Amino acid sequence: MRMANFRSSYGARRLALGVLFAILLGFFLLPQQLQALFQEIGGPVGWVLSWPIRLVASVQEGIGETWSHYVALQDVEDENRQLRKELELLQGQNSQLRESASATDRLTALLEFKAQALPTMIAAQVIGRDTGNWHRTILLNKGSADGIEADMGVVTSVGVVGRVVKTTMATAVVLLVSDPNNAIAGLIQRTRDEGIVEGTTPGLARLKYIPLLSNVRAGDRVVTSGLVGGFPRGLAIGTITTIGKEEGALFQSAELRPEVDVNRVEEVLVIQSPYIPGEDGKSDELLPKAKL
Amino acid sequence: MKIVVYVCAVAALVAVQITMLPYISVWGVKPDIGLVAVCLIGLLAGELEGLLVGLFMGWAMSLFSAVDLGTSMVAKGAVGFLAGLAGRQVAQVTPLVLIGGLVVASTVASLMTMWSLKPNDQQDSWWMIRTILMPQACFDAVVGGLCYWVIWSRVNLDRLAEGREV
């Protein structure tokens with residue numbers, strides 16, 4: 001077996017070597033600037049490339065729907081889906097109500113009640129997964145042209161999904177809560193201890209920096225603390241499964257089971273703005289409801 | 001004309017990689033068909049085309065992934081360039097030789113990505129090597145070998161090469 005021996009000319013070889021050297025030198029000397037430049041140019045390019053992605057995704061969705069509606073048991077599938085949606089809704093409501101009750105107790109005691117602002121949300125559909133195996137991300141069918149920007153929080157009715165890390169004009173990449181590079185400010189709902197939720201390599205999550213004196217236990221729910229990042233307070237992140245205490249460590253950590261099954265997410269809400277500051281720059285204003 | 005073909009190929013491969021390959025992943029690992037394509041283009045068309053298509057492929061893939069843009073571009077560009085160089089040095093390319101080359105190319109690209117991710121500790125590094133790097137290298141090699149075998153059985157590459165030399 002011989003290969004096609006399409007030999008490049010000597011000039012082409014030298015040009016290739018020059019281009020490779022220039023790119024390497026560029027990324028070595030000006031990494032931030034070059035990344036920003038390529039990301040900026042990537043906006044419209046991403047919009048063009050998103051069309052074949054949408055096309056393939058819609059064909060795939062069509063085949064999937066045909067299969068589930070006509071080949072699989074239609075009634076069971078529909079009933080199951082309906083029940084699952086109801087369960088998700090109730091779980092989400094339960095978490096919000098618990099948080100509201102807890103917040104009401106504390107705030108009433110302080111006689112300084114402030115209504116928590118409702119976030120503005122953009123509904124989006126999941127059209128794909130990460131191109132590689134190194135990150136756990138999903139691709140949304142809405143991007144910077146729809147008002148989505150990096151660092152915005154992404155949720156479902158059940159809880160937190162992740163955080164937007166990259167956008168093109170028509171798509172957005174969401175780093176999932178189970179990715180080790182993600183970090184979200186979390187709060188243990190029962191003990192009110194704060195920490196940082198990070199993903200783990202096997203695809204779960206871990207709450208770090210829990211104070212040593214905290215009486216956290218398995219089964220405790222962890223919600224967003226609302227202090228930093230694109231999330232309002234009280235959105236469910238996960239449930240603690242095991243506590244890790246190391247000898248001589250300053251903090252303890254806990255393994256979490258994420259509330260949202262990130263492998264099955266199909267539709268999400270992107271939190272465009274958790275709060276809008278008032279004219280004095282301090283008070284929160286009540287915002288209009290979701291933009292769908 | 002060739003540029004249009006390459007751009008269309010990149011667009012199609014990116015779409016398939018994002019939407020369809022997650023469903024055929026084995027143990028959560030899917031092949032990088034962009035890397036395989038860049039390798040084949042480098043082998044068949046030379047180092048300049050391999051490099052340029054690799055850079056464009058890396059850029060396009062990074063737009064829809066959390067992977068670092070620079071690492072993605074440089075890794076795929078370097079693979080295309082090295083495949084072109086290897087194509088000139090190796091007289092006889094069989095699917096088995098190609099499989100070996102793809103294992104090396106995929107491993108090099110994965111090591112570059114691992115380096116950019118800066119794993120927390122040795123345990124994380126070994127976990128990445130065991131569960132991502134090695135299965136992906138095998139997966140890429142098998143997919144590339146199959147693609148080459150299909151191309152070779154459909155198109156008489158020797159005749160194409162002779163035609164080009166004339």
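A few remarks follow.
- Long-range neighbours under 7 Å by Cβ, at least six apart or interchain, first residue within 13 Å of A:Gly229 (Cα to Cα) within the stretch A:177-198, second part of a loop (DSSP other than H, G, I, E, B) and open to solvent by 30 Å² or more (accessible area, probe 1.4 Å): A:Ile184/A:Gly229; A:Ala185/A:Leu227; A:Ala185/A:Val228; A:Ala185/A:Gly229
- When A:Arg129, A:Arg84, A:Arg98, A:Arg106 are checked against the criterion of being open to solvent by 60 Å² or more (accessible area, probe 1.4 Å) and at pLDDT 85 or above, A:Arg84 stands alone in meeting it.
- Any hit, the stretch B:75-92, residues being part of a helix (DSSP H, G or I), in contact with a helix residue (DSSP H, G or I) (Cβ under 8 Å, 6 or more places away or on another chain), closer than 22 Å to A:Gln32 by Cα and at the interface with chain A (Cβ under 8 Å from one of its Cβ atoms): yes
- Scanning the stretch B:18-56 for residues that are open to solvent by less than 20 Å² (accessible area, probe 1.4 Å), in a loop (DSSP other than H, G, I, E, B) and either farther than 25 Å from A:Val59 by Cβ or among the polar types (S, T, N, Q) (or both) yields one hit, B:Gly46.
- Qualifying residue in the stretch A:239-260 (condition: within 28 Å of A:Val174 (Cα to Cα), at pLDDT below 85 and assigned to a loop (DSSP other than H, G, I, E, B)): no
- Of the residues making up the stretch A:29-61, just one is loosely packed, with under 13 Cβ neighbours inside 10 Å and acidic (Asp, Glu), namely A:Glu40.
- In the stretch A:176-195, the residues that are more than 21 Å from A:Thr156 (Cβ to Cβ), within 13 Å of chain B (Cβ to nearest Cβ) and at pLDDT 90 or above: none
- Yes/no for B:Ala15 being within 7 Å of chain A (Cβ to nearest Cβ), in a helix (DSSP H, G or I) and without any contact (Cβ under 8 Å) to a residue 40 or more places away in the chain: yes
- Tally, over the stretch B:65-111, of residues that are hydroxyl-bearing (Ser, Thr, Tyr) and surrounded by fewer than 24 Cβ atoms within 10 Å (Cβ to Cβ): 3
The values are calculated or read from the model by the stated rules, or taken from the named source; none is laboratory data. Note that the coordinates shown come from a computational prediction; the quantities given were computed from them, not determined experimentally. No Cβ is skipped: glycine too gets one built from the backbone with ideal geometry, and neighbour counts run over all protein chains shown. These accessible areas exclude ligands, DNA and RNA; they are computed on the full protein's heavy atoms, side chains included. Shrake-Rupley method; radii C 1.70, N 1.55, O 1.52, S 1.80 Å.
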